[in-house]
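Contents: one structure, followed by commentary.
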Amino acid sequence: MPNAYEDFSRYYDFLGWNAFARNAAVRLKSFFRLQRSKSDGSAGPATILDLACGTGELEKSLKSSGIRFTGIDSSPGMIRQARRKCPGTRFIVADAAGVRLERKFRMAILLFDSANHMRSLPHLKSVFRNVRRHLKPGGYFIFDFLTERGLEEWEHISIKRTGRYTLFSYGYYYPAKMLADIFIEAFIRIPGKPGKSGGYHRVFQKIIEKTYPASDIIDGLMKSGFQKISATPYDLSEKIEEATRLWFVCS
């Protein structure tokens, strides 16, 4: 999609949407420690392919780890922000299903509803196959996925007010299609010049997210070559059958 998230990308971090990436960085550090305790003591994967990398917040959060990232996103605006935030890291404008790189990675990740952004189940499965193609033997693929319960939560209107902006987020879930229309709308305060009042800049973004039965996701992963698949609630206080978001670890 040409210029996808163009205006939204400029205010993505400012409006707090990068918080999930920072939380995911903490989870990944815990995963690295767990793997280190099971193996030869290495600090973690030397290379990570970050699909749908957004503004590069994960790369920034894990900068001290020494990991070499390659970030992929279909939004030129998001990639532009990522390059400004993390100079020296390789970022590419590309689709997660179609990108072809001349190297393999120890880990691939697809975070913050990005799997739900795939336009159809065949498209999502093609992403799984492409991930498998880019992983070294023994490599890991980690991603999160909103369930029906998770998409249903967008039916509630959320309002956040600060001295700098007012943010509205809301949506509609269509059970028959297992699809949600999500709307992000923000009014960002623009300071006025001396003696004059300021104004507001409106940012509006519509997002479409789809969900699928967990059995279809697991089937797609297995047919793509993943042999070990773990699915747990992202929120560990939830039961697996009632989870709003799942956390997949595959190898």
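The values are calculated or read from the model by the stated rules, or taken from the named source; none is laboratory data. This is a predicted model, so every value here is computed, not measured. Please note: Cβ atoms are built from the backbone with ideal geometry, for glycine as well, and neighbour counts cover all protein chains shown.
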Problem set entry | Among (1) assigned by TED's automatic domain parsing to the domain that holds A25; (2) closer than 21 Å to A52 by Cα; (3) of a type outside the set (V, I, T), the one test that L179 misses | (1)
Exercise. Taking region 209-234, which residues are touching a strand residue (DSSP E or B) at 6+ places or on another chain (Cβ under 9 Å), surrounded by fewer than 12 Cβ atoms within 10 Å (Cβ to Cβ) and not in a strand (DSSP E or B)?
Worked result: Q227, K228
Exercise. Does region 65-93 hold any residues that are of a type in the set (A, V, I, L, M, F, W, C) and either surrounded by fewer than 19 Cβ atoms within 10 Å (Cβ to Cβ) or at pLDDT below 95 (or both), and which are they?
Worked result: I67, I92, V93
For this session: Hey, can you tell me all the residues within region 183-210 that are among the β-branched types (V, I, T) and under 21 Å from S158 (Cα atoms)?
Result: I184, I188, V203, I207, I208
Exercise. Within region 185-198, is even one residue surrounded by 12 or more Cβ atoms within 10 Å (Cβ to Cβ), farther than 23 Å from S74 by Cα, more than 20 Å from the chain's Cα centre (by Cα) and not charged (D, E, K, R)?
Worked result: yes
For this session: Output yes when any residue across region 155-173 is of a type outside the set (S, T, Y), over 30 Å from H134 (Cβ atoms), assigned by TED's automatic domain parsing to the domain that holds L121 and not in a loop (DSSP other than H, G, I, E, B), and no when none is.
Result: no
Exercise. Quick one: Y170 ticks every box in (1) surrounded by fewer than 15 Cβ atoms within 10 Å (Cβ to Cβ); (2) aromatic (F, W, Y); (3) under 19 Å from F112 (Cα atoms) bar one, so which box is it?
Worked result: (1)
Exercise. Which of (1) in contact (Cβ under 8 Å) with a residue 40 or more places away in the chain; (2) out of contact with any Asp or Glu (no Cβ under 7 Å at 6 or more places or on another chain) is the odd one out, the single condition G77 does not satisfy?
Worked result: (2)
Problem set entry | Test result for K206, surrounded by fewer than 17 Cβ atoms within 10 Å (Cβ to Cβ), more than 18 Å from L124 (Cα to Cα), at pLDDT 95 or above and assigned by TED's automatic domain parsing to the domain that holds R119 | no
For this session: Using the structure shown, decide if R103 is more than 19 Å from I218 (Cβ to Cβ), basic (K, R), under 16 Å from the mean Cα position of the chain (by Cα) and surrounded by fewer than 19 Cβ atoms within 10 Å (Cβ to Cβ).
Result: no
Problem set entry | Candidates D235, D219, filtered to the one that is free of Cβ contacts under 8 Å to residues at least 24 places away in the same chain, under 18 Å from L111 (Cβ atoms) and among the charged types (D, E, K, R) | D235
Problem set entry | Flag if R36 is surrounded by fewer than 22 Cβ atoms within 10 Å (Cβ to Cβ), part of a helix (DSSP H, G or I) and within 15 Å of the chain's Cα centre (by Cα) | no
Seminar exercise, completed: Checked region 116-134 for anything touching a residue at least 40 places away in the same chain (Cβ under 8 Å) and within 20 Å of S251 (Cβ to Cβ); matches are L124, K125, V127, F128, R129, V131, R132, H134
Problem set entry | Hits in region 52-64 - residues which are under 14 Å from D13 (Cβ atoms) and part of a helix (DSSP H, G or I) | E57, L58, E59, K60, S61
For this session: Give, as residue ranges, the strands (runs of 3 or more DSSP E) completely inside region 65-141 that count at least 3 residues that are within 24 Å of S30 (Cβ to Cβ) and of a type outside the set (S, T, Y).
Result: 68-73, 105-110
Problem set entry | Answer residue from region 91-114, given it is in contact (Cβ under 8 Å) with a residue 40 or more places away in the chain and of a type in the set (G, A, S) and is farthest from Y12 (Cα to Cα) among those | A108
